[in-house]
Structures are given as C-alpha cells and as structure tokens.
1. Please work out which residue is nearest to VAL167 (Cα to Cα), limiting yourself to region 78-127 and to residues that are buried (at least 18 other Cβ atoms within 10 Å of the Cβ) and basic (Lys, Arg).
2. Residue check: is ARG61 closer than 30 Å to ARG205 by Cα and either of a type outside the set (A, V, I, L, M, F, W, C) or in the same structural domain as TRP299 (by TED's automatic domain parsing) (or both)?
3. Can you pull out the residues in region 210-226 that are within 11 Å of the chain's Cα centre (by Cα) and within 15 Å of SER24 (Cα to Cα)?
4. Tell me which residues, restricted to region 95-114, are free of Cβ contacts under 8 Å to residues at least 40 places away in the same chain and over 14 Å from PHE71 (Cβ atoms).
5. I need the full set of residues from region 281-298 which are in contact (Cβ under 8 Å) with a residue 60 or more places away in the chain, farther than 13 Å from SER241 by Cα and surrounded by fewer than 21 Cβ atoms within 10 Å (Cβ to Cβ), in order please.
6. Filter region 206-231 down to the residues that are surrounded by fewer than 19 Cβ atoms within 10 Å (Cβ to Cβ) and either touching a helix residue (DSSP H, G or I) at 6+ places or on another chain (Cβ under 7 Å) or basic (Lys, Arg) (or both) and list them by number.
7. Hey, any hits in region 229-236 for a residue that's in the same structural domain as PHE172 (by TED's automatic domain parsing), more than 21 Å from ARG119 (Cα to Cα) and not hydroxyl-bearing (Ser, Thr, Tyr)?
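The values are calculated or read from the model by the stated rules, or taken from the named source; none is laboratory data. Note that this is a predicted model, so its numbers are computed, not measured. Cβ placement follows ideal geometry from the backbone for every residue including glycine, while neighbour counts extend to all protein chains displayed.
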Amino acid sequence: MPHRLHFPISEKYVSDIVGRDVLSPIRVASLSHLGIDPEEFVKTFSPYFEELPWDPYDARRLRIEFLKQQFPKEEKEIQQLFKDYYLGNTELNTFEKWIHQLSKKKKKEFSDIQPWRRRSVCQFSCSEMEGKYIIQREKVEQFAQAVMGDDYRSLPRVFQESPSHHVEQSLFYRWILAVYKIMKEVRPKTKKITMVGHFMSVKARPKKPGDNSPEGAHEDGADYIVSALVVNRKNVKGGESQIIEKLDSGEKEIIFRHTLEPGEFIFQGDSKDEIIHGTDLWHHVTPFALDDEKLNEGWRDIIGFDINVEED
C-alpha cells in the first residue's frame, strides 16, 4: 500500500491492490474532489459537535456486560432486564441488588462506565425532477440496523434529531447533493434516495481509547454508506478506516485501509451489494488513543450516511 494516496480512489484502484476484481463501488476522496472547499466545511461544522447530546446506549450495554461478568450465575436474570434498560424504559436502579454487592474497587470501575460518544441524526430524501434537484428533510422515527434479531443493534434506538442550523443550510445541502451524484455515477438509474445522517463525536481518554465500532467489522444494513466524512481529529492517533471484503469462504479480508483526515470521506456499498454489484463489502474503524495524554482527552468527529435507494 503506498504511503501517500492519490485521491480520488475507486474500486478499480482497490482491485489493482488485491489482484482481483472488486465490483462493488468504493470512493475515497476529499471534499475538494466534489467541488466543496474542505477548509470551509470543517470550519463551519467543527463547532457543532460540541453541541451534540451524549449517546447513552453504548454505556448501558457495557454496564450490563460488566454485571454479567461479575455475577455469572445470575447472567440470565440480568440479561432478561437488558432490553428495557438499553432502550431507556427502566433506570439503572433496576440492577441495584447487584451493584450493591460490588466491592469498592468494582463499584468505581462500574461508575467509570460513562458515555463516550455524542450523537444526533437527521434524514433527507434527494431526487431529481425535470433537471432540478429536490432535497427534503424527513423525520427520523427511530434507528435500528438491519442485523440479526439477537444482535443488540437490531433494537430500536431513538437519537435526538440534528438541530436545523446544523443541517438545514446550503453547505450541508451541497454535501447531500454531492453524495446523490456519486449514487448516480455508481447506479445510473437511481431516481430517489433516502439518507440518514449521523453526526458522531467520539471521545478518547487516558487508557480508554475512543471506539467508533465496538461491534467490530460490520454492515449497517443500508444499500450504500458514507462510513465517515471526518470533520475533526483533535489530539488523537489511530482511527484507521478499513474496507473489508467478505469472501465466499466466509472469511473477511481487509482490502483497503486509510486514516481519514478532516475533509476526507469513504463511500462504499453495504448490504446486498454482493447481489447488486458482485462484492460483499463490510467496514470498520480501529480504536484511537490520545496523541498527548497530558491533555486528558481527544476527539474524532464524523458525519456518516446510511443511503437507501427508493426509486430507480
């Protein structure tokens, strides 16, 4: 893999790297290749991430995993209470009888499990009619990934909708339109798409790396994704984006890796791309640590899209 990449990168470039045809679409590029000024975009959107609400779901899941590890004989009973707690229907005091039994040291470890990801979501449709592009904002009812029923990501999560001043503005519309044009390029018959946008700000702390993909290599359950458009990297090292192919044997192979800098993004096929295009692509981003631990925290801020074709 060359140390310096020459954008834009497509599935043809990746095919040359791995020595076989990669048929599903891949685009790795800078906003500048879409006619958007990266500096302007980063300057505009960078402060918005500090306004995002905390995502409670990861911390809820890890707290339950912690209790199950401490009380293995009662794992089944604890797990039965997981769903309501994970979805916010019950409070942490539901597990008080187990928390009360923890040692002082373990209680400290348990209390240290706090949210490390800020998040908001938004949904837009984009279409073209008589030479004019139509972008409309839609309500996000809830968020659940199209994964197996025993996967916690299949549970419906409700995230706060992105404030209007974050997304109902010309620069964000230009970004939406640019992604729509990529869709037209890789799937020319596309007429209308729905895009669920995710603003995510992930924190790294001393001895606690930031992790955007605690579930490991995965698919999001959409037709296509922008796995990340990086807006900020503050005092972090790591966070390598990986494009992964699931082979016919079931094994997964990393076919492309790159640490995205602010203003850079990855677009790729997601679920069912092996049927539509011919290659089963997955994705992952590695954990990232503090570059300077004296500063106590670091952040990686991204915008992602789950994209579904509504008409083609």
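1. Selected residue: ARG119.
2. yes
3. Selection gives GLU219, ILE225, VAL226.
4. Kept after step one, since they are free of Cβ contacts under 8 Å to residues at least 40 places away in the same chain, are these residues of region 95-114: 95-108, 111-112.
If the condition is that a residue be free of Cβ contacts under 8 Å to residues at least 40 places away in the same chain and over 14 Å from PHE71 (Cβ atoms), then LYS104, LYS105, LYS108, SER111, ASP112 are the ones that fit.
5. ALA289, GLU293, LEU295, ASN296, GLU297
6. Of everything in region 206-231, those that are surrounded by fewer than 19 Cβ atoms within 10 Å (Cβ to Cβ) and either touching a helix residue (DSSP H, G or I) at 6+ places or on another chain (Cβ under 7 Å) or basic (Lys, Arg) (or both) turn out to be PRO206, LYS207, LYS208, PRO214, GLU215.
7. Step one: of region 229-236, the residues in the same structural domain as PHE172 (by TED's automatic domain parsing) are 229-236.
Imposing the further condition that a residue be more than 21 Å from ARG119 (Cα to Cα) reduces the set to none.
No, region 229-236 contains no residue that is in the same structural domain as PHE172 (by TED's automatic domain parsing), more than 21 Å from ARG119 (Cα to Cα) and not hydroxyl-bearing (Ser, Thr, Tyr).
The rows are residues; the columns are (1) closer than 16 Å to ALA228 by Cβ; (2) β-branched (Val, Ile, Thr); (3) surrounded by 14 or more Cβ atoms within 10 Å (Cβ to Cβ); (4) in contact (Cβ under 8 Å) with a residue 12 or more places away in the chain.
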residue	(1), (2), (3), (4)
ILE9	yes, yes, yes, yes
VAL18	no, yes, no, yes
LEU23	no, no, yes, yes
ARG27	yes, no, yes, yes
SER32	no, no, yes, yes
GLU40	no, no, no, yes
LYS43	no, no, no, no
GLU50	no, no, no, yes
